[in-house]
Amino acid sequence: MTADTPGLDTEFYAIDTDASTEEFLAVARVYAREVARNYDLSVAVDDLDWEVSKRARRRAGAVRYRDGDPETLSITWKVFTNRGWGAAAETIRHELVHVHLLNEHGDPSHGDRFAEWAERLQTPVTCELFAEPNYWVVCRDCGSRMARYRESKLVKNPQNYRCSGCGGRLDAREND
Ligand SMILES: [Zn+2]
Ligand SMILES: [Zn+2]
């Protein structure tokens, strides 16, 4: 791993996709606490309501907020069941960036601040779920499939990265 592509600084929390929603959310919160601590995010994991959405179709996850205060962090269930823990973990990181920027700046957008954090946390800038991504980044070990819509550094150089779910090696391919 080279200096300009540092690995994501987290432990790995492998969880099989036949886990219950309760098991998933328990792991998600432990993981979120560690990400928040390692990256100094202003996220009070246990002050948020955590839920999975079995209805969401268009979004991988969401943060609901009131008066600028984040209240609920929701992860779309099929992201986990269809694409694996690695894909769910990057969605969790995406939503944690939203919580952080809401708390620090009242900013719910995917603007420049978001893009910087997304780069640091190896997560996409978009949380929309399109039916067909342009690329798949696939973990050789746990089989997680991370959707990518543009030719990012991760897509170009998957060997410089590791699966954020299990630490496994990654391959990238066009989705054709
Ligand atoms: Zn988002
Ligand atoms: Zn993996």
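In loop segments of the stretch 74-176 as defined by DSSP, the GluC sites (Glu not before Pro) with at most 14 further C-beta atoms inside 10 Å of their C-beta are Glu151.
Taking 0.36 nm per residue of separation and subtracting the Cα-Cα distance, full extension of the segment from Asp49 to Gln159 would add 36.0 nm. The charge dipole of the chain, taken about the Cα centre with unit charges on the Cβ atoms of Lys, Arg (+1) and Asp, Glu (-1), comes to about 620 debye, rounded to the nearest 20. So in the chain, which Cys have no other cysteine's beta-carbon sitting under 4.7 angstrom from theirs? When partners are defined as cysteine Cβ atoms under 4.7 Å apart, the chain leaves Cys127 without one.
Loop-located trypsin sites (Lys or Arg not before Pro) in the stretch 1-87 (DSSP state not H, G, I, E or B) with no more than 16 neighbouring Cβ atoms inside 10 Å: Lys54, Arg55, Arg57, Arg58.
Residues within the reach of a label modelled at Glu116 (point 7 angstrom out along Cα to beta-carbon, backbone nitrogen below 15 Å), restricted to the stretch 21-59, are 40-42. Note on the chain: with neighbouring protein chains present and a 1.4 Å probe, carbon and sulfur make up 42 percent of its accessible heavy-atom surface. Give me the angle, in degrees from 0 to 90, between the Cα long axis of helix 21-38 and the longest principal axis of the Cα atoms of the chain, rounded to the nearest 10. The helix 21-38 is inclined about 90 degrees to the chain.
Compared with the dominant Cα axis of the chain, that is its longest principal axis, helix 85-105 is turned about 40°. The Stokes-Einstein estimate for the chain, based on a Kirkwood radius over Cα pairs and taken at 4 °C with 1.567 mPa s viscosity, is a diffusion coefficient of 80 µm²/s.
Across the stretch 63-89, the residues whose backbone nitrogen lies under 20 Å from the label position 7 Å along the beta-carbon direction of Arg173 are 82-87. Among the chymotrypsin sites (Phe, Trp or Tyr not before Pro) in the stretch 107-150, those located in a DSSP loop and surrounded by at most 16 other Cβ atoms within 10 Å of their own Cβ are Phe130, Tyr149. Counting only protein heavy atoms and a 1.4 Å probe, the chain has 52 square angstrom of accessible area per residue. When both bridge partners sit in the stretch 1-91, DSSP labels roughly 55% of those beta bridges antiparallel.
The values are calculated or read from the model by the stated rules, or taken from the named source; none is laboratory data. Keep in mind the model is a prediction, meaning the values are calculated, not measured. Glycine also receives a Cβ, built like all others from the backbone with ideal geometry; neighbour counts cover every protein chain displayed. The area values use the complete protein model at the heavy-atom level, side chains included, leaving out ligands, DNA and RNA. Shrake-Rupley method; radii C 1.70, N 1.55, O 1.52, S 1.80 Å.
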